[in-house]
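Let me begin by presenting the structure, written as C-alpha cells, before commenting on it.
The values are calculated or read from the model by the stated rules, or taken from the named source; none is laboratory data. Source: prediction; values computed, not measured. Because the Cβ atoms are built from the backbone with ideal geometry, glycine has one as well, and the counts that use them run over all protein chains shown.
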Ligand SMILES: Nc1ncnc2c1ncn2[C@@H]1O[C@H](COP(=O)(O)OP(=O)(O)OP(=O)(O)O)[C@@H](O)[C@H]1O
Ligand SMILES: [Mg+2]
C-alpha cells in the first residue's frame, strides 16, 4: 500500500533521513521504533507531505505522492495524529472533529463517522462542547486520534499515541488502535513504548540516526537481542 | 473580612478619584457643559463596576457576597465623592481668590469649574457658588459607587440565570436603543434647551450610544423570531438617524462607518485568519487613488496625458461611482494577493513588520510618483456619487452609503465566518501544519484572506475619496492601519458587532471629545491598556474568543494538558462498561 524508497529528508543542512526504505501492506499495523532523535517523526511528516524529501520516492498504491502538497495527500486517504497531539486548543471537541473531516463533503458520511468516533471514545461525547485545550492529556490524545479518523483514512499515521499517559490508559489506547485496525484501517505506528507497540504490531522497523537498522515481523524484532538491550531494558 | 472590604473600598475610591482628577484637569467638564456632573458620575459608576467585579475571572464574579460588596462600593463612592468635591471646591476658591492657576494647570478655567457646579462662569470668578453644592457632588459620586455594586450584582444574576429566562434587565437592554433613539430625535427639536451649547455633542453621543446599545440588544434577544423582529425594528430606527442628524453629526458618523467597513475587512485578515497585517492602509489608499483616477483623470498629469493620446477626453469622470466599485475593489484585491505572495511563509511579528513596510511603500509611492499621483499636492476634485442626476456628496448621503457598505460587508463577513473557508482560516490560525494535514490548502486560504480583506478596504477607500473629494498621501499613513487594528481589538477580535462598537469608541468618541484633543491620545492609550487587562477579548467578543480567554465551557484548566489525571470512571474508555 505504502512504499518508501531510499528517502532522504533534510532540515536545511541537517540530514535527518538518510535513505529510509519501508513498506506498509494493506490491513497491517506496522510500528516504527527507535531512540529519541532517530527520525521517526520526520519520517511521518515526510509521508504526509509536511516535509519534502530531497531524494527518493514515496508511493501510495503504486502512485508517487512525494511531490504532492500535504492537503492533497490527505485527500488520498493518509491521515495523521501528530506528535504532541496538537489539537486545535481553542475549538470545541466537536469542532475539532469536524475539522478532521475538512477534506470531505459527504455530509451523511461525516455524521456516520462522527458517531463511530464517539462510540470509540465515549469520553469525547460527554465533552463535545468543551474546548480542546481544557481536555486532559489522555482526552486530548483521543481527540487527536478521533480527528485523524474523521477523514476516513485508508492509512493512519500515529506519532507516539502513548506519550505522557498513565500505564492503564496506555493499554486502553492500544486496544483502541487494534480496534481501529480491525475496522480496516492500515496503521503506521511510531512509538517510544517499544514493548507495547511490538506486541500489537504485525511488523516492525527499528530506526537509528536517520536510517532503518532492523526490520521484520514484530515478534522477531521483540525477540532480537539488539532491541531487547537498547529499548526494552535488557 | 469587613476590614478588607473597607480597605478595598478606600483603594478603589482613590483610583476613581485619580481618574476623575485627570478628567477634570484635561477640561472634560467644559466640554460636557450642563451634563458634566451626571456624566462624571456615570463614568465613576463604570469605573467602580470594573474595579468591583474583580478582574477577568468568572470566579471573582461569583464568590463575593452582596453585603461586603456594598460596603466596598459605598466606601469607594464616599471616598471618591468627598475627595472630588474637595478638589472642585478647592479650585473654585483659588479662582475666586483671583489666583491665576492657568500657567500650571492649563484647563482649570472658571468655565470648567462652573460646569461642575452647574452655574455660569461668572459665578466662579466672583465666588458666588451655591453653598451646599459640594455635598451634592459627594452624594452623587457615592451613589455612583452603589450603582457600580448594582451593576456587578445584575451582571452576576444575568450570568447565572442566562438570558433565556428573561428578566427586567434583559428587556431594558432590548429597549435601550429605542429609548436612546427617541432621545436623539427629541434633542433635535430646536425648542429643547437641554445641554445648552453642547446639545449637538450630546445628541451625537446619544446617537452613537443608540447604535452601540442596538448591538447589545440583539445579543440579549432570544435567537429566532424575537431576534429577527428586533433586528428589523432596530434597522428601521437606525435608518432614520441620517435624516435627523445635522451635517456635522452625519459627517462624524460617515467617517465612523467608513472605519467600520475597514475594520470588518481587517477583522477577516486578523480576527478570522490570524494574520497580523499592519499595512492594511495600503488597500484603503489603492481604493481611494484608483477611484480618484477614474473620476478625476484630469488631476493626474500622466494619466490624463495617456488618455488624451488615446483619444479619450480626460476632462470629466471616466465612469460613475457605481461602475468604479468593481474596478477599485478588484485592484485593491489584487494588491492583497501581491502582498500575500511574498509573506506566505511569514508568521507573527515577521509578518507584521513586512506588511507594515508594504503600507509605507504604497504611501511613499503615492508621494513620489508626482507625474501619476500629483505627489503631496494630491488629487483634487474627486467626484461624489450621483444617483439619477442627484449628487450624493453631502455628509448625510455619505453616512447612508457607508451604512449600506458596512451592512453589505458585515453580511459577507458573517457568511464567510460560517463557511468552509472560515473554518479553514480558524484551523490555519490555530496550527498551520495540522490544518494542512487535515486538508486545508494553505496558500489558497492565506491569499484569500488577504485578498478579501483588501477588497473591502478598497471599497472603503473609494467611499473615503468620494467623501473628501481631495485626497493626499498624508491621508494614508501608518496610523490608519493602527487605528483600524485598534478598533478591531477593542471591539473584540473576530467579532462582527465588535467592529462597530470599536469604531464608535475609537473613531466616534474622540470626535465628541474634540475639546480635549491634546489629551485624546493619552486618554485612549490608557483606556486601551485598562481594557486589555479587564476585558482582553474586547467589548463585544465573538463567542469563540470569549471561550478562548475565559475558560468557559469546562472545568479542566490549561495545566491539565499533560497530566493523565483522569477521573475514576475512566474505564468506559474502550466502549465497554466499567
Ligand atoms: N525543525 C527541525 N529543524 C532542524 N532539525 C530538526 C527539526 N526537527 C527535527 N530535527 C532533527 O531531526 C532529527 C530527527 O528528529 P525527529 O523529530 O524525527 O526524531 P524522533 O525520532 O521523532 O524523536 P522522538 O522520539 O524524540 O520524537 C533530530 O536530530 C532532530 O534534532
Ligand atoms: Mg518524534
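Helices (runs of 4 or more DSSP H) fully within segment B:83-163 that include at least 3 residues being more than 30 Å from residue B:66 (Cα to Cα): B:110-117, B:121-126. Within segment B:224-255, the residues that satisfy the criterion of being in a loop (DSSP other than H, G, I, E, B) and exposed (fewer than 15 other Cβ atoms within 10 Å of the Cβ) are B:224, B:246. Against the definition (buried (at least 20 other Cβ atoms within 10 Å of the Cβ) and over 14 Å from residue A:31 (Cα atoms)), how does residue A:184 come out, yes or no? Answer is no for this residue. Go through segment B:420-447 residue by residue and tally those that are more than 7 Å from chain A (Cβ to nearest Cβ) and more than 18 Å from residue B:270 (Cβ to Cβ). Summing the residues that are more than 7 Å from chain A (Cβ to nearest Cβ) and more than 18 Å from residue B:270 (Cβ to Cβ) in segment B:420-447 gives 3. Meeting the requirement of 3 or more residues that are touching a strand residue (DSSP E or B) at 6+ places or on another chain (Cβ under 9 Å), no helices (runs of 4 or more DSSP H) wholly within segment B:311-397 can be named. Quickly run through segment A:83-106 and pick out the residues that are touching a helix residue (DSSP H, G or I) at 6+ places or on another chain (Cβ under 6 Å) and within 16 Å of ligand 1 (Cβ to nearest atom). Residues satisfying the conditions are A:83, A:85, A:86. Residues of segment A:149-170 that are within 16 Å of ligand 2 (Cβ to nearest atom) and facing another protein chain (nearest Cβ under 8 Å): A:164, A:165.
Per-residue answers, yes or no, for (1) surrounded by fewer than 18 Cβ atoms within 10 Å (Cβ to Cβ); (2) touching a strand residue (DSSP E or B) at 6+ places or on another chain (Cβ under 6 Å); (3) at pLDDT below 90; (4) within 9 Å of another protein chain (Cβ to nearest Cβ):
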position: A:57; (1), (2), (3), (4): yes, yes, no, no
position: A:61; (1), (2), (3), (4): yes, no, no, no
position: A:67; (1), (2), (3), (4): yes, no, no, no
position: A:81; (1), (2), (3), (4): no, yes, no, no
position: A:84; (1), (2), (3), (4): yes, no, yes, no
position: A:88; (1), (2), (3), (4): no, no, no, yes
position: A:96; (1), (2), (3), (4): no, no, no, no
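Just one of the listed residues (A:173, A:177) is without any contact (Cβ under 8 Å) to a residue 40 or more places away in the chain and within 14 Å of chain B (Cβ to nearest Cβ), and it is A:173. Restricting segment A:15-55 to residues that are within 11 Å of ligand 2 (Cβ to nearest atom) and closer than 18 Å to residue A:79 by Cα, the residue that is surrounded by the fewest Cβ atoms within 10 Å (Cβ to Cβ) is A:41. If I go through segment A:117-155 residue by residue, how many of them are at negative phi, within 16 Å of the chain's Cα centre (by Cα) and outside any helix (DSSP H, G or I)? Final tally of qualifying residues: 5. Got at least one residue in segment A:109-117 being touching a helix residue (DSSP H, G or I) at 6+ places or on another chain (Cβ under 6 Å), within 14 Å of another protein chain (Cβ to nearest Cβ) and away from ligand 2 (no atom under 16 Å from the Cβ)? For segment A:109-117, residues touching a helix residue (DSSP H, G or I) at 6+ places or on another chain (Cβ under 6 Å), within 14 Å of another protein chain (Cβ to nearest Cβ) and away from ligand 2 (no atom under 16 Å from the Cβ): present. Would you check which residues across segment A:175-214 are away from ligand 1 (no atom under 16 Å from the Cβ) and farther than 18 Å from residue A:162 by Cα and list them? Scanning segment A:175-214 gives A:182, A:183, A:184, A:185, A:186, A:202, A:203. Looking across segment A:180-192, the residues that are within 16 Å of ligand 2 (Cβ to nearest atom) and either facing chain B (nearest Cβ under 10 Å) or part of a strand (DSSP E or B) (or both) come down to A:188, A:189, A:190, A:191.
Residues in segment A:32-79 that are within 13 Å of ligand 1 (Cβ to nearest atom) and in a strand (DSSP E or B) were compared, and the one that is farthest from residue A:96 (Cα to Cα) is A:34.
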